[in-house]
Ligand code: GRF
């Protein structure tokens, strides 16, 4: 039997996608082992979820290092210690450093709550994304799962899923609908990726 792929997750917030990935793996829908969680700040929801789910976690905060390069190196070291095959960013708000991107080239994945390239780039995170979508009076939005390269929200798109915008949607309603969809969609796309079912797409 080939050993299961090992996934490390990085998060900065609530951690609903982190938990959804762990649960999908435990249900056998995501053929991978979640080996650990890295958070870049203390006291965030994702830590409590990791404790409840029994997943090892490390706080590796840029503030605790004298340089960005040292932080990057510490991230890479921890990911190698866990022998991660894939790095899955789940609401990770720090720019992944060059050392991690080099060590895990083509194996760093992110999910963004819009249909990229729309509503991506600097400042486009969390509610800012949904507020921009609503003020542009879009009729649909969605989620993009993509590989990460040196710039935020850029790299090969692996999959996109659409979410309808309903007349009169508030920011909270739209954000929740997108998040609910993402919690189901992201683990499914990561499952396809680690199982090699997205290979043809990647070589297009
Ligand atoms: C998600 O919407 C993700 O797309 C974005 O940040 C949010 C994180 O949510 N990058 P959570 O912490 O997983 O609940």
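By how many nm would the segment from residue 173 to residue 195 lengthen if fully extended, with 0.36 nm per residue of separation less the alpha-carbon distance? Walk me through the numbers on the way to the answer.
Details: separation 22, 0.36 × 22 = 7.92 nm, distance 3.35 nm.
Working it through step by step, the gained length comes to 4.6 nm.
Can you give the extra length, in nm with one decimal, that the chain gains between residue 93 and residue 23 once fully stretched, where that is 0.36 nm per residue apart less the Cα-Cα distance?
Values: separation 70, 0.36 × 70 = 25.20 nm, distance 2.26 nm.
Extra length available between residue 93 and residue 23 comes to 22.9 nm.
Does anyone have the angle between helix 68-81 and the longest principal axis of the chain? Alpha-carbon axes, 0 to 90°, nearest 10?
Once rounded, the angle reads 70 degrees.
For the chain, state the average projected area of the convex hull of the C-alpha atoms over all orientations, rounded to one decimal in nm². Walk me through the intermediate numbers first.
On the way: hull surface 46.6 nm².
Taking the Cα atoms of the chain, their convex hull projects to 11.6 nm² on average.
If I build a Gaussian network model for the chain, linking alpha-carbon pairs within less than 10 angstrom, which residue out of 53, 89, 158 has the largest mean-square fluctuation?
Looking only at 53, 89, 158, the biggest GNM fluctuation is shown by 53.
Of the residues 185, 65, 104, which exhibits the maximal mean-square fluctuation in a Gaussian network model of the chain defined by a 10 Å Cα contact cut-off?
Answer for the Gaussian network model of the chain: 65.
Quick check: Cα centre of the stretch 115-147 to Cα centre of the stretch 1-62, how many Å?
Result: 24 Å between the Cα centres.
Kirkwood hydrodynamic radius for the stretch 1-64: how many Å is it when counted over pairs of different Cα atoms? Before the final figure, lay out each step's value.
On the way: mean 1/r = 0.0832 Å⁻¹.
Across the stretch 1-64, the inverse of the average 1/r is 12.0 Å.
Can you give the helix-only mean residue ellipticity at 222 nm for the chain, where every DSSP H stretch with n ≥ 4 adds -39500 (n - 2.57) and the sum goes over all residues, rounded to the nearest 500 deg cm²/dmol? Please report the intermediate quantities before stating the final value.
Working: 7 runs with 77 residues, N = 204.
-11500 deg cm²/dmol, from helical runs alone.
On the principal axes of its Cα set, how long, how wide and how thick is the stretch 87-128? Give whole Å, largest value first.
Largest first, the stretch 87-128 extends 31, 17, 15 Å along its Cα principal axes.
Report the extension gain between residue 102 and residue 138 in nm, rounded to one decimal, defined as 0.36 nm multiplied by the number of residues separating them, less their alpha carbon distance. Show your work: numbers first, answer last.
Values: separation 36, 0.36 × 36 = 12.96 nm, distance 3.71 nm.
Taking residue 102 through residue 138 to full extension adds about 9.3 nm, to one decimal.
If you line up the long axis of helix 16-26 against the longest principal axis of the chain, both from Cα atoms, how many degrees apart are they, to the nearest 10?
60
Work out Dmax and Rg for the stretch 52-153 from the C-alpha atoms and quote the Rg first, both in angstrom.
In Å, with Rg to one decimal and Dmax whole: 15.5, 46.
If you fit an axis through the alpha-carbon atoms of helix 171-194 and take the longest principal axis of the Cα set of the chain, what angle between them do you get, 0 to 90°, nearest 10?
It is inclined by approximately 40 degrees.
Based on the Cβ-Cβ distance from residue 65 to residue 160, what FRET efficiency comes out when R0 is 45 Å, to the nearest 0.05? Could the numbers behind the result be given before it?
Working: r = 35 Å, r/R0 = 0.78.
Here the calculated transfer efficiency is 0.80.
Note down the relative contact order for the chain as a percent, whole number, built from C-alpha pairs under 8 angstrom at least six residues apart. Numbers along the way, then the final one.
Values: 353 pairs, mean separation 41.3, N = 204.
Worked out over the chain, it gives 20 percent.
Connecting C-alpha atoms closer than 10 Å in a GNM of the chain, tell me which of 98, 31, 117 has the biggest fluctuation.
For the chain, modelled as a Gaussian network with Cα springs under 10 Å, the answer is 117.
Read-outs throughout are calculated quantities, based only on the coordinates presented, and are distinct from any laboratory measurement. Bear in mind the structure is a predicted one, so any value in this text is a computation, not a measurement. Positions of Cβ are generated from backbone atoms using ideal geometry, with glycine treated the same way; all protein chains shown enter the neighbour counts.
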